[in-house]
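Everything on this sheet refers to the single structure shown next.
No lab work stands behind these numbers, since they all come straight from the coordinates. All values reported here derive from a predicted model rather than from experimental measurement. Here the Cβ positions follow ideal geometry from the backbone for every residue, glycine too, while neighbour counts run over all protein chains shown.
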Amino acid sequence: MSVAGGSGDPGLEALLRAARRGDGRALERLLGRLAPQVLAACRGVLGPAHPELEDAAQEALLALAEALPRFRGECRPERYAARIAARVALRSLHRWRRRDPPPGAWTALDPSHPPQGEAAERVARRRRLLRELLGELPPEQAEALVLRVVMDMRPSEIAEATGAPVNTVRSRLRLARERLARLLRERGLHPEEVHQ
Amino acid sequence: MNPARRRDQERDDPVLQALAADFAELRRAQPGDPLLLRRAVRAAARRARPARLPWRFAVAASLLLGAGAAAWHLSRPEGTEPAPRKHPPPALPPAGAAPAGAQGAEAPLREPPPEPTGRDVRQTGSEANPGRDEAGAPKRAADGPPGPTADRRADLAPGPDAAALFEAARRAEHAGQRARARALYGRLLRLHPESREAPVATVALGWLELEHGGGPRRALRRFRDYLRRWPRGPLAQEAREGEARALRRLGRAEEAREAWRRLAAEHPGALLPPEAREALRESASR
């Protein structure tokens, strides 16, 4: 029987139970198990070369530890961790934007080094564009977009992690994608740019 | 293929799919990750778990800032304290007294029998509790609404594997369907006692029995079974705490104190509940 939302990992479940009952060592081990997901979300949102990447990862892990008592097993712990990390990373990104970074700063967050050719540069450029545009989306759309694109979660998985109905998630993704396409056109880039 | 996954694939936006491919590289581990993660995890765990700080800090704060500061530190956010029990345990009987009537007419206190394994569900259910059905759940209406029909059919289908039973039990437990969760964990342990899910199921079932209807005697058996089979397992602390509480509930106060002492000795960083600290203080003063 396949049950959506199950952890499928009794070891992780054991750590989760022990951590919720105050076992500090279990908490550290649990955070260690979920940390790669957290880091992937922060790195995707902020960029691999962002100066505050480690701070954001630490804040996300702390937020995860504090949210554990409220976690009811509605989705896999890894996805719950990804959702929390996405929110923390988006907040970090917004704070960084409010400091009005210079134009070259966005490129510095996700440089292609060493230069790996035109295709790799296009990929990095699209990632940078997405980061710039995340700050202009409503929070729920930005969160859904991050979980879909940065963490490659399916709409049904995003629905489990966020507690929203799956049709609401699809609607948010569609609206985010439409806004993305509009903003790309305003910058003189056709949405088909993404496919190249 | 899972129907939900098929629907996701059929309706996925190609632009979003392409962008997801762009981020694949960043989802993969990078060379510097292990060190970065170790630092971040340790720092976050330290900040989330000031385990050794609250009591010392509370004493120092109360001296410096008064009772108001001590109350604030003692009411820290949820994540830094053990999650509170949803249902407080029943009132403890005086030390040495017979167990309360809520546990039913019980035989004189003695070491519980070894955990039966691989026995028939009906036989086990009828031996311990005539009022229980085939799956071991009480025949009267249980707490929480019944689970989805599909889940029930899957549960009763021949040969459900340990993973399926475990997931069903987890979902029932999280949904507050405790009788159903007990039945499913129990079934998992009867059918798959050597599975990788068995350790967690043992402790989970112990707590359900202790706090939601099975009784402290059965709970004690579960916790001791875990500690016998997996003495260094990740849930050893939880099992020791359960053992101590079950003994206390059974009125075996001296054994409960010994269990708390063992817990404190084996898990020096453990956040002990007030009754444990009181028990340790009583022992120290003897």
B:L35/A:A108 FRET efficiency (R0 22 Å; Cβ-Cβ; nearest 0.05): 0.50
Principal axis dimensions, largest first and in whole angstrom, of chain A by Cα: 53, 36, 31
Peptide A:150-163 - average C-beta neighbours from other chains (10 Å radius): 3
Which of B:S283, A:S92, B:S195 has the fewest Cβ neighbours within 10 Å, and the rest in rising order: B:S283, B:S195, A:S92
Sites matching trypsin sites (Lys or Arg not before Pro) across segment B:172-267 that sit in DSSP coil, with at most 12 neighbouring C-beta atoms within 10 Å: B:R232
Inter-chain shielding of A:39-52 (mean C-beta neighbours from other protein chains, 10 Å cut-off): 3
Fewest-first sequence of A:H50, B:H174, B:H192 by Cβ atoms within 10 Å of each Cβ: B:H174, B:H192, A:H50
Ascending count of other beta-carbon atoms within 10 Å, so fewest first, for A:T162, A:T107: A:T107, A:T162
Residue list for segment B:191-231, given a label point 7 angstrom along the Cα-to-Cβ vector of B:A265 and an amide N cut-off under 20 Å: B:223-231
Average partner coverage of A:58-66, which counts Cβ from other chains inside 10 Å: 6
